[in-house]
Amino acid sequence: MTSELSDALVRHWVTGWARTHDYDVQHEGNVHSALRSGDSDEWEYVLYAPEDTDLRKIASAVAKDSARMLTVIAEPGAPSLSQNPVDGLQLISDEEKLMVVDMETQDVEDPITPEGFTTSRDDHDGWTLFTVRDGEKVAARGRVATVDHYAILDRIYTNDDYRRRGLGTFVTRALIAIAHEHDVEEGLLVATADGQELYEYLGWTLLGDVHVYGATSGGRIRPSHSQFDDLKG
């Protein structure tokens, strides 16, 4: 049985997501933040069902710097801030979805590497990068971190030249197998609309909607959490 959406769960996701990017992360009550670049002020703030006081405070901070972002994770179908605008913020993306899976339903064995490809695994402090290559060319890859009893999958990517060959499924299953080396109970990830269809096929379910906001004066195009989550097979 999988968890319901909560601030504690969002906190775990932010911790794992930040870890796979080597971002600095802070948790202050219900405000979770990650510094996306150590030599800049590119803070991203993540809130779940925010109280008005927290929302106004963070919105003010984001509006002051076009490099900052606010991500609100909400119950599926809940009104977004675009229906209730906040001064200084504009909606950048509302297509991403937070998804969850019961790890007991997922295979613990390493999947068989597709013929003609090689794989490599790079273990870092608290997270792992898994890469699929065709010769020297990266065909697909993904990252996984473990936080308490959660496995957080991130930046699963399939090269355009290798779509529709099952590599997205292969990488996802390989990351799940790596996560099973730890005492994990649930998996979390943020998917695009395209990725969501594949993950549903693999047993993942929708947990929350992801809304991303930036300063109205910014004009900045922000890469999504699932920037490389463009799986097609």
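Per residue, the range 102-152 exposes 58 Å² of solvent-accessible protein surface, assessed with a 1.4 angstrom probe and all protein chains in place.
Placing R0 at 22 angstrom, the Cβ-Cβ distance between GLU104 and ALA8 gives a FRET efficiency of 0.60 after rounding to 0.05. Answer rounded, prolate or oblate for the range 12-111, using the Cα gyration tensor with square roots of eigenvalues a ≥ b ≥ c: rounded when a/c is under 1.5, else prolate when a/b is larger than b/c, else oblate. Since a/c reaches 1.5 but b/c is at least a/b, the shape of the range 12-111 is classed as oblate. Charge dipole (Cα centre; +1 on Lys/Arg Cβ, -1 on Asp/Glu Cβ; no other charges) of the chain amounts to roughly 740 debye. Projecting the Cα atoms of TYR201, THR119, TYR213 onto the charge dipole of the chain (Cβ charges, centred on the Cα centre) puts TYR213 farthest toward the positive pole. Roughly speaking, what % of Cα-Cα pairs in the range 52-182 are separated by over 21 Å, rounded to a whole number? Cα-Cα pairs of the range 52-182 separated by over 21 Å account for 56 percent. Pick out, from TYR162, THR131, VAL101, the residue whose Cα sits farthest towards the positive end of the charge dipole of the chain, with +1 on the Cβ of Lys and Arg and -1 on the Cβ of Asp and Glu. It is TYR162. Overall dimensions of the range 74-142, expressed as equivalent-ellipsoid semi-axes from the Cα gyration tensor (√(5λ), whole Å, largest first), are 38, 18, 12.
Relative to the longest principal axis of the Cα atoms of the chain, the long axis of helix 7-19 lies at roughly 60 degrees. With R₀ set to 25 Å, the beta-carbon distance separating GLU28 from ASP52 gives a calculated FRET efficiency near 0.90.
The order of the peptides 67-77, 106-116 by mean Cβ neighbours within 10 Å, most packed first, is 67-77, 106-116. Here the range 18-139 carries DSSP beta bridges of which approximately 75% are antiparallel, counting only pairs with both residues inside.
Scaling against 2.2 N^0.38 Å puts the C-alpha radius of gyration of the range 149-208 at 1.13.
Taking all protein chains as present, what is the carbon and sulfur share of the accessible area of the chain, in % to the nearest whole number, probe 1.4 Å? Don't jump to the answer; show the numbers that get you there.
On the way: 4700 of 11020 Å².
Heavy-atom surface of the chain belonging to carbon and sulfur, 1.4 Å probe: 43 percent.
Rounded, prolate or oblate: which fits the chain when a ≥ b ≥ c are the square roots of the eigenvalues of the alpha-carbon gyration tensor, with rounded for a/c under 1.5 and prolate only if a/b beats b/c? The shape class here is prolate. Counting only DSSP beta bridges with both residues in the chain, the antiparallel share comes to about 85 percent.
The values are calculated or read from the model by the stated rules, or taken from the named source; none is laboratory data. Please read these numbers as outputs of a predicted model, since none were measured by experiment. Every residue, glycine as well, gets a Cβ built from its backbone with ideal geometry; the counts of neighbours run over all protein chains shown. Please note that ligands, DNA and RNA were not included when accessible areas were found on the heavy atoms of the full protein model with its side chains. Shrake-Rupley method; radii C 1.70, N 1.55, O 1.52, S 1.80 Å.
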